[in-house]
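Peer 1: Please find one structure pasted underneath; my questions will follow.
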Amino acid sequence: MGATASDETATVESGCLSGDNGANRSIRISGVVQPWLTPPEIFRYPKAKFDLEDRYIDEPRSLKVVVIGAGLTGITTGVLLPRKVPGIRLTIFEKNADVVRRHVVREYLSREQFAQGAEIRDYWQGVAQKYGVYDLLKLSHKVEEARWDGAKWHVTVRDLATETVFVEEADYVLTAIGRFNAWKLPNYPGLSDFRGLLRHASHYESTFDPNGKRIAVIGNGASGIQLVSNLQKHVGHLDVYARNKTWISASFSGDETSIEPIKISSELRATFKDPNKYLEFRKNMEGTYWRGIEGILKGSELNREAREAFVKILEERLVKKPDLVDKLKPDFSPHCRRLTPGPGYLEALTEDHVDYIQTPIKRFTENGIETTDGRIREVDAIFCATGANVDSVPPFSIWAGGKDLSQLWREGGYPYSYLGLGTPGFPNLGFLLGPHGAGRSGTVPHSVEVQVAFFAKLLRKVSREGIKTIQPSKKAADEFVDYSDAFFGKTVLSENCSSWYNSGKPGSRVHGLWPGSGAHLTQILREPRWEDWEYEYLTQTGNRFAWYFGKGYTIKELDPNEDMTPYLQDPEKIDIRDLHESWWNLP
């Protein structure tokens with residue numbers, strides 16, 4: 001069967017095709033004529049919706065970052081961020097005349113097992129010198145306000161040396177102000193009437209000679225305990241005012257403490273010449289601080305054992321004044337407040353020239369302190385170990401969207417945050433060692449390093465991907481708060497005690513610790529959950545990849561001297577777990 005001239009079709013019969021060389025083609029299948037598919041216009045490519053950005057993907061934008069505070073957290077940030085975030089422009093503002101005041105931390109290895117404050121200060125200042133942190137610092141510069149305008153942070157700073165005020169712009173702000181950054185004297189009536197020496201423990205008068213004088217110490221936290229232990233050996237009389245009870249331990253995470261320095265033996269120090277021996281010593285010493293999280297759980301065996309041990313300490317060390325045992329024994333479980341080693345403290349309270357006073361203070365007089373029972377005790381000096389701010393509220397206003405973060409946190413009763421890193425409604429703002437900044441176990445320096453490493457990842461993402469703003473979502477923050485409530489409700493931290501864990505308000509939300517162990521915190525922050533964050537992009541096209549992908553290739557590959565095969569290494573030295581994961585080592 002063949003085609004007629006009028007068919008204007010091509011037919012297929014027994015696998016054969018005939019037709020008119022492409023015009024008006026059709027096909028006959030099973031006796032039915034079907035239209036032939038019209039070929040697409042293959043030479044007309046889809047029109048681009050935007051022009052490519054004239055940039056290479058390995059050219060991240062330079063970010064201006066302001067860090068507020070230069071304690072150990074600020075110094076660590078100054079060491080790590082410039083080495084982890086390419087092109088960062090970092091400025092660190094510090095209100096004091098130098099970094100790390102000596103009272104900040106106490107437990108660091110030196111010729112003594114627990115180094116003294118001056119040595120710790122010298123160590124951190126040495127770190128700052130070694131890594132060029134001083135080049136990033138503006139000392140004696142006090143931040144008075146930070147304000148977000150929708151694109152940039154405007155940080156108002158006062159130069160305390162000249163009293164001039166200026167505004168620093170930043171793409172991102174990190175607070176590293178510390179938990180106890182704003183000590184203050186207690187607000188007792190007649191405070192200004194007292195004619196003797198009046199000092200806060202954080203502002204101790206080093207030239208003061210206590211020998212033979214009548215001294216009052218107010219407070220029984222860590223600073224008050226240390227003051228009492230040391231002063232009682234020199235004073236004529238010592239009054240100890242303690243409103244709250246606290247548990248006294250004999251050791252610091254298993255390390256025995258003493259009022260006198262604990263020397264590291266010359267024999268042990270000699271072994272440190274071997275780097276492996278020194279590393280072994282350090283690992284054994286620090287490893288103990290990562291254990292014992294079960295001790296804060298309600299009803300745990302560790303907590304029960306701690307209570308029995310601490311009661312025994314009270315009974316043994318207060319044997320000269322046994323009536324003090326009940327006065328000092330708390331009605332809450334150990335670890336509800338931060339556990340305080342007190343070498344020499346309990347023994348000091350039993351001395352004849354020391355009075356332990358629990359009657360509330362009514363007012364200060366010209367010559368001493370009057371309690372609510374009407375008794376006036378005259379003293380030459382008063383040292384207030386009454387702590388500092390314990391609510392994590394910034395000591396200056398931070399404005400975004402017409403709201404002041406410091407006011408929101410104060411009114412809300414606790415610092416609302418996502419993982420203690422940021423808070424919804426305040427873009428491009430992060431907290432270092434702020435709320436939930438450290439676990440119940442581990443060490444503070446390690447927690448800081450982990451948090452700085454997290455923000456390095458975040459800042460690299462922001463600079464590399466063309467992100468204009470980043471902030472945690474409200475849903476993620478709410479669910480973090482819910483998890484924290486669930487965790488702390490299972491711990492003794494939720495019992496009826498006052499501490500800096502809960503802003504000094506028994507029963508209020510715990511925010512002074514991470515809801516978990518130090519190891520738990522480390523794992524959480526190692527791999528950021530980017531899905532918990534909200535983003536705005538620099539590009540005006542509406543395409544999230546436009547700025548990020550750039551022109552489609554790297555500047556590195558255009559340089560013939562660059563190594564494009566960093567993944568090829570000595571097989572014996574490769575840790576396969578790290579293969580293709582080192583952020584800085586890309587083709």
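Peer 1: For region 359-379, which residues satisfy the criterion of being in contact (Cβ under 8 Å) with a residue 12 or more places away in the chain and either within 14 Å of R214 (Cα to Cα) or touching a helix residue (DSSP H, G or I) at 6+ places or on another chain (Cβ under 6 Å) (or both)?
Peer 2: F364, E366, N367, G368, I369, R377, E378, V379
Peer 1: Only one residue in N502, N428 is of a type outside the set (A, V, I, L, M, F, W, C), modelled with pLDDT of 95 or more and over 12 Å from the mean Cα position of the chain (by Cα). Which one? Don't jump to the end; show me each part of the working.
Peer 2: Details: N502 fails: modelled with pLDDT of 95 or more.
When all the criteria are applied, what remains is N428.
Peer 1: Then there's this: Can you find even one residue in region 454-470 that is open to solvent by 10 Å² or more (accessible area, probe 1.4 Å) and hydroxyl-bearing (S, T, Y)?
Peer 2: As a first pass, look at region 454-470 and keep what is open to solvent by 10 Å² or more (accessible area, probe 1.4 Å): 457, 460-461, 464-465, 468.
Retained after the next criterion (residues that are hydroxyl-bearing (S, T, Y)): none.
No, region 454-470 contains no residue that is open to solvent by 10 Å² or more (accessible area, probe 1.4 Å) and hydroxyl-bearing (S, T, Y).
Peer 1: Where in region 275-329 are the helices (runs of 4 or more DSSP H), entirely inside, with at least 3 residues that are touching a residue at least 24 places away in the same chain (Cβ under 8 Å) and buried (at least 16 other Cβ atoms within 10 Å of the Cβ)? Can you show your working first?
Peer 2: Numbers: elements: 275-287, 301-317, 324-328.
Fully inside region 275-329 and qualifying: 301-317.
Peer 1: Still on this structure, please answer the following. Can you tell me which condition G552 does not meet? The list is (1) under 20 Å from S463 (Cβ atoms); (2) open to solvent by 90 Å² or more (accessible area, probe 1.4 Å); (3) at pLDDT 95 or above, and all the others hold.
Peer 2: Result: G552 fails condition (2) only.
Peer 1: Turning to a different aspect of this structure: I need the strands (runs of 3 or more DSSP E) fully contained in region 1-118, keeping only those with at least 3 residues that are modelled with pLDDT of 90 or more.
Peer 2: Details: elements: 26-29, 32-35, 64-68, 89-94.
Passing ranges, in order: 64-68, 89-94.
Peer 1: If you don't mind, there's one more thing I want to ask. Which fully enclosed strands (runs of 3 or more DSSP E) of region 145-196 have 2 or more residues being more than 30 Å from E370 (Cα to Cα) and acidic (D, E)?
Peer 2: Numbers: elements: 153-159, 164-170, 172-175.
In region 145-196, the matching strands (runs of 3 or more DSSP E) lie at 164-170.
Peer 1: In region 433-527, which helices (runs of 4 or more DSSP H) lie fully inside it and hold 3 or more residues that are more than 30 Å from S62 (Cβ to Cβ) and touching a Lys or Arg at 6+ places or on another chain (Cβ under 9 Å)? Full working, then the answer.
Peer 2: Working: elements: 444-465, 474-488, 518-526.
The helices (runs of 4 or more DSSP H) meeting that bar are 474-488.
Peer 1: Residues that are open to solvent by less than 20 Å² (accessible area, probe 1.4 Å): list the strands (runs of 3 or more DSSP E) wholly contained in region 332-382 that include at least 3 such residues. If you could, list the steps in order and put the result at the bottom.
Peer 2: Details: elements: 354-357, 361-364, 368-371, 376-378.
Filter on region 332-382 gives 368-371.
Peer 1: Okay, moving on. Being touching a Pro at 6+ places or on another chain (Cβ under 8 Å), among the small types (G, A, S) and either modelled with pLDDT under 95 or more than 28 Å from N303 (Cβ to Cβ) (or both): is that true of G437 here? Even if it seems obvious, please write down each step before you answer.
Peer 2: On the way: touching a Pro at 6+ places or on another chain (Cβ under 8 Å): no; among the small types (G, A, S): yes; either modelled with pLDDT under 95 or more than 28 Å from N303 (Cβ to Cβ) (or both): yes.
Against the criterion (touching a Pro at 6+ places or on another chain (Cβ under 8 Å), among the small types (G, A, S) and either modelled with pLDDT under 95 or more than 28 Å from N303 (Cβ to Cβ) (or both)), G437 does not qualify.
Peer 1: Restricting to region 528-546, count the residues that are in a helix (DSSP H, G or I) and either aromatic (F, W, Y) or surrounded by fewer than 13 Cβ atoms within 10 Å (Cβ to Cβ) (or both). Full working, then the answer.
Peer 2: Taking region 528-546 as the starting set, the residues that turn out to be in a helix (DSSP H, G or I) are 530-532, 546.
Remaining after also requiring either aromatic (F, W, Y) or surrounded by fewer than 13 Cβ atoms within 10 Å (Cβ to Cβ) (or both): 530-531.
Residues flagged as in a helix (DSSP H, G or I) and either aromatic (F, W, Y) or surrounded by fewer than 13 Cβ atoms within 10 Å (Cβ to Cβ) (or both) within region 528-546 amount to 2.
The values are calculated or read from the model by the stated rules, or taken from the named source; none is laboratory data. If you're wondering where the values come from, they're calculated on a predicted model, not measured in any experiment. Don't worry about glycine lacking a Cβ; one is built from the backbone with ideal geometry, like all the others, and counts go over all protein chains shown. The protein model used for the area step is the full one, side chains on, heavy atoms only, and it has no ligands, DNA or RNA in it. Shrake-Rupley method; radii C 1.70, N 1.55, O 1.52, S 1.80 Å.
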